[in-house]
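S.K.: There's a structure below that I have some questions on.
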Amino acid sequence: MNKQMKNALIGILVLLLAACGQFEATPAPADVPELVVTENPTDSPEPVITSEPTEDIPTTALSDGVVPENFSQYIGLRYPPSPAGLSQSFSMIIENSDLYSLLLVSDGTNKMLWLSKVTEYDPNGNPNWEVQDVLGLSNVEAGLTLLPDGCLLNGVRDSEIFAAGRNEVIVLAWRANTSLGKFEVIPTTGIECHSDKAMSLE
């Protein structure tokens, strides 16, 4: 091969190298953290659902002083006469109060206690009453006995207190607050009753 040809080949090689650029060793790839792919990456974890509640939920709500809607129609009712469909099983004047009474009434389905006040007397001296408050008794636990009088609080007789109990144990207690004309739920602590008018709430 003559010198001219050799120079031509070298020139071609130089041109090829210039066109392709320089060869460099490819650097080793840096460590890349493994990419974890989920089907729904934006979804938050589902809550754990148990088959039973974690807290005890009361199944029966006792009276809290709010008159149930189906009894509120009786507030302000004046009697006698009583509305048709109602039956009375017990009544008593609250001791030390000539103006207030307790009346146990049933509408055939529900039992309720009325706190009533004398509004006037008829020409024969018989009182006319007005319902001040109503206490529903149908939802109290079964087997209780109503003790409408003879109750003491910490050993002191209190004619406004009445209770319900079983086996000589007071389970529920209320106050017929005559100054407010309202029934009030009260604690049973310190209450004992010796009633001669006890009756079953069955």
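The values are calculated or read from the model by the stated rules, or taken from the named source; none is laboratory data. In this text the structure is predicted, and so the values were computed from the model without any measurement. All Cβ positions, even for glycine, are placed from backbone atoms using ideal geometry, and neighbour counts span all protein chains on display.
S.K.: When residues of the stretch 133-158 are filtered for being among the hydroxyl-bearing types (S, T, Y) and loosely packed, with under 12 Cβ neighbours inside 10 Å, how many remain?
M.R.: Going residue by residue through the stretch 133-158, those that are among the hydroxyl-bearing types (S, T, Y) are 138, 145.
Next, from what is left, pick out any that are loosely packed, with under 12 Cβ neighbours inside 10 Å: none.
Summing the residues that are among the hydroxyl-bearing types (S, T, Y) and loosely packed, with under 12 Cβ neighbours inside 10 Å in the stretch 133-158 gives 0.
S.K.: Right, next: Within the stretch 162-199, how many residues turn out to be within 26 Å of the chain's Cα centre (by Cα), under 19 Å from L115 (Cβ atoms) and not in a loop (DSSP other than H, G, I, E, B)?
M.R.: Qualifying residue count for the region: 14.
S.K.: For the stretch 159-202, how many residues are acidic (D, E) and surrounded by 15 or more Cβ atoms within 10 Å (Cβ to Cβ)?
M.R.: Total satisfying the criteria: 3.
Let's see how each residue does on (1) β-branched (V, I, T); (2) farther than 19 Å from E202 by Cβ; (3) touching a residue at least 24 places away in the same chain (Cβ under 8 Å):
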residue	(1), (2), (3)
F90	no, no, yes
I94	yes, yes, yes
D98	no, yes, no
S101	no, yes, yes
S106	no, no, no
K111	no, no, yes
W114	no, yes, yes
E120	no, yes, no
N128	no, yes, yes
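S.K.: Answer yes or no: is there a residue in the stretch 145-157 that is part of a strand (DSSP E or B), of a type in the set (D, E, K, R), touching a Lys or Arg at 6+ places or on another chain (Cβ under 6 Å) and modelled with pLDDT of 95 or more.
M.R.: No - not one qualifying residue is present in the stretch 145-157.
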